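Trainee: Structure provided below as structure tokens; questions to follow.
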Amino acid sequence: MVGMWRGSGDRLRSRRASRTSCGDRGLPVKPYTILHTIDSDGPGGAETVVLNLATRLNTSVFRSIVLVPPGSWLSSRLKEQGVPVLEVSWKVWWDLRGPWKMIDVVRKYKVDLIHSHLPAQNFYSCLVGAVTNTKTLAMYHGPVELEWSQNIKGRIRLWFVRRAADGVVVVCDLVKRLLVQLGFEKDRIALAYNGIDPFPYAAHGQPFLRRELGLPPEHRLVGMIANVRPSKGYDVFVQACAEVCKKHSDVTFLAVGDVNEEVAAPIKRMHEKLSLGNRFRFLGFRSDVSRILKELNVFVLASTSEGMPLAILEAMAAGTPVISTNCGGIPEVIDHERTGLLVSPSDHNALSEAISRLFADPEYSGKLGTQAQDKFYKEFTLDGMIERYEKLYLSYLRQR
């Protein structure tokens, strides 16, 4: 199938015309239909972005339909909010039954724009867009997705997306630079920073977490909000915990996120070897992250690869001091020494020293949290993110 479109990238883009009419003020007579596609289960950052887009776009201008894997976390959340959901299984990357179903969806619902997420769906959606003459935006959420594209399968996908997508969306400037190095046209890549709803983080509920954990009110808590995955650096977080606990007897470390048991197994063995006991606790996936963040003394992200992690935005919204590794798009969010502290990836000593530094200077720690919260409200709210995407969608939909 790929060979059919060799050398035809410009023609694929130029022959697609906007199929909608606009009123006197430039708004469509009927809403544009956006098909969001993703093939990961969640919960995670990319799935949350899809959820927010599908539920928060202006319904007088846009109608959202979402194509997701069957029985996924995202599917359940979308159905709860009344968003039309189409469930499709993707067996292997060369299985074309999924794309054929997507073609039927595009034609049946008269889709105006396909917004795809993650490498596999970017490839399939560009293929469907070419067959159905539908505008397509492909989205990359982090550099790890480009690392997945280094084998022959990944290179084929990336080559086709580069030639067939009408545009590409990225969540941080680092991913944009990497795509340019891989041959993508700089002018066709749009940067759209992630955003979250600040409302849950502004609420002031009663303290509960220390009581739930059986800890005294003055006990210090250091938490990482991240699914247990290879790139999240939980091994470094555990080692940093061991170092900090040697100096401080009144601190407990918390891991909050969905647990991949295969990835977690060596981390749990390390936990046992270091005899951390209840000083380090896996809380698993929690739906009350906003409340947990309000009670942490320090939020940590120890990742080795990131795009624009929503967890950091959540900590900023809560006013919780942030210590993070200096990777991916994180330096575009956290200004070192002003809105948080940045340390080198995979350096548990640097991480433990940064934590101890904030423990030793509560005034400075509080200042970091306040300044991060101010920056969040200026640059990273969900309303701001939705506005950016609405303008981006219209810029493509109105092209003739």
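All of the numbers you see were taken from the coordinates with simple rules; none came from a lab. These numbers come from a predicted model, not from an experiment. Neighbour counts are summed over all protein chains in view; Cβ atoms, including those assigned to glycine, are modelled from backbone coordinates with ideal geometry.
Trainee: With +1 assigned to the C-beta of every Lys and Arg and -1 to the C-beta of every Asp and Glu, and no other charges, what is the dipole magnitude of the stretch 277-400 about the Cα centre in debye, to the nearest 20?
Mentor: 340
Trainee: May I ask for the distance between the Cα centers of the stretch 318-346 and the stretch 104-139, given as a whole number of Å?
Mentor: Cα centroid of the stretch 318-346 versus Cα centroid of the stretch 104-139: 35 Å apart.
Trainee: Then there's this: Which semi-axes, in whole Å and largest first, does the equivalent ellipsoid of the stretch 250-350 have when worked out from the alpha carbon gyration tensor as the square roots of 5 times its eigenvalues?
Mentor: Each semi-axis is √(5λ); the values are 23, 16, 14 Å.
Trainee: Calculated FRET efficiency, D258 and Q81, Cβ-Cβ r, R0 25 Å, to nearest 0.05?
Mentor: The formula returns an efficiency of 0.75 here.
Trainee: Same structure, new question: To make sure I understand the rule: partners must be aspartates and glutamates, Cα under 13 Å from the Cα of K101, and not fewer than 8 residues away in the same chain. Which ones qualify?
Mentor: Straight-distance partners of K101: E87.
Trainee: About the Cα centre of the chain, how large is the charge dipole given +1 on each Lys and Arg Cβ and -1 on each Asp and Glu Cβ? Please answer in debye to the nearest 20.
Mentor: 1680
Trainee: In the stretch 333-381, what trypsin sites (Lys or Arg not before Pro) fall in a loop by DSSP, with at most 16 other Cβ atoms inside 10 Å?
Mentor: Taking the stretch 333-381 and a limit of 16 other Cβ atoms within 10 Å, the loop trypsin sites (Lys or Arg not before Pro) found are R338.
Trainee: Turning to a different aspect of this structure: Leaving out same-chain residues fewer than 8 places away, which lysines sit with a Cα under 30 Å from that of K378?
Mentor: Within the straight-line limit of under 30 Å, K378 reaches these lysines: K176, K186, K232, K294, K367, K391.
Trainee: Grab the DSSP H runs of the chain that are 4 residues or longer, score each as -39,500 (n - 2.57), total them, divide by all residues and round the 222 nm result to the nearest 500 deg cm²/dmol.
Mentor: The helix contribution divided over the chain gives -13500 deg cm²/dmol.
Trainee: Decide, for the stretch 199-379, between rounded, prolate and oblate: order the square roots of the alpha carbon gyration tensor eigenvalues as a ≥ b ≥ c, take rounded if a/c falls under 1.5, and otherwise choose prolate if a/b is larger than b/c, else oblate.
Mentor: Rounded, because the longest to shortest axis ratio a/c is under 1.5.
Trainee: In nm, what is the difference between 0.36 nm times the number of residues separating K30 and Y377 and their Cα-Cα distance?
Mentor: Taking 0.36 nm per residue and subtracting the Cα distance, the gain is 121.6 nm.
Trainee: OK, next. Treat each spin label as a single point 7 Å out from the Cα along the C-beta direction, and report the D288 to S249 distance in nm.
Mentor: Result for the modelled spin labels: 3.0 nm.
Trainee: Enumerate the lysines that K108 could reach by cross-link, defined here as Cα to Cα under 17 Å, with residues fewer than 8 away along the same chain left out.
Mentor: Excluding near neighbours in sequence, the set is K30, K135.
Trainee: Enter the Cα centre distance for the pair the stretch 222-258 and the stretch 148-195, rounded to the nearest angstrom.
Mentor: 33
Trainee: Then there is this: Run the numbers on the stretch 277-400 and let me know its relative contact order in percent, using alpha-carbon pairs under 8 Å that are six or more apart.
Mentor: For the stretch 277-400, the relative contact order is 22 percent.
Trainee: Please compute the Kirkwood hydrodynamic radius of the chain from all pairs of different C-alpha atoms, in Å with one decimal.
Mentor: Hydrodynamic radius (Kirkwood, Cα only) of the chain equals 22.3 Å.
Trainee: Which value in nm describes the separation of the simple spin-label points at I156 and Q206, placed 7 Å from the Cα toward the beta carbon?
Mentor: With each label point 7 Å from Cα toward Cβ, the separation is 6.0 nm.
Trainee: With a cap of 12 neighbouring Cβ atoms within 10 Å, and only residues DSSP puts in a loop, list the chymotrypsin sites (Phe, Trp or Tyr not before Pro) found in the stretch 33-130.
Mentor: Passing both the DSSP loop test and the Cβ count: W94.
Trainee: Extending each Cα 7 Å along its Cβ direction at K110 and R338, get the distance between those two points in nm, one decimal.
Mentor: 4.9
Trainee: Roughly what % of DSSP beta bridges within the chain run antiparallel, to the nearest 5?
Mentor: Of the beta bridges lying entirely in the chain, close to 0 percent run antiparallel.
Trainee: Another question, if that's okay. Tell me which of V298, N278, L254 sits at the most positive position along the dipole axis of the stretch 199-379, charges placed on C-beta atoms (Lys, Arg +1; Asp, Glu -1).
Mentor: Result: N278, furthest along the dipole toward the positive end.
Trainee: Moving on. Please give the FRET efficiency for L213 paired with S346, using the beta carbon to beta carbon distance and R0 = 35 Å, rounded to the nearest 0.05.
Mentor: 0.75
Trainee: Sticking with this one: So which GluC sites (Glu not before Pro) in the stretch 319-400 are both in a DSSP loop and have at most 15 other Cβ atoms within 10 Å of their Cβ?
Mentor: The qualifying sites are E337.
Trainee: For the stretch 199-379, what is the charge dipole size about the Cα centre, in debye to the nearest 20, if Lys and Arg each add +1 at the Cβ and Asp and Glu each add -1 at the Cβ?
Mentor: Magnitude of the dipole: close to 400 debye.
Trainee: While we're here: What is the diffusion coefficient of the stretch 169-234 in µm²/s, taking the Kirkwood radius over Cα pairs and the Stokes-Einstein relation at 4 °C with a viscosity of 1.567 mPa s?
Mentor: Using the Kirkwood radius from Cα pairs, D works out to 79 µm²/s.
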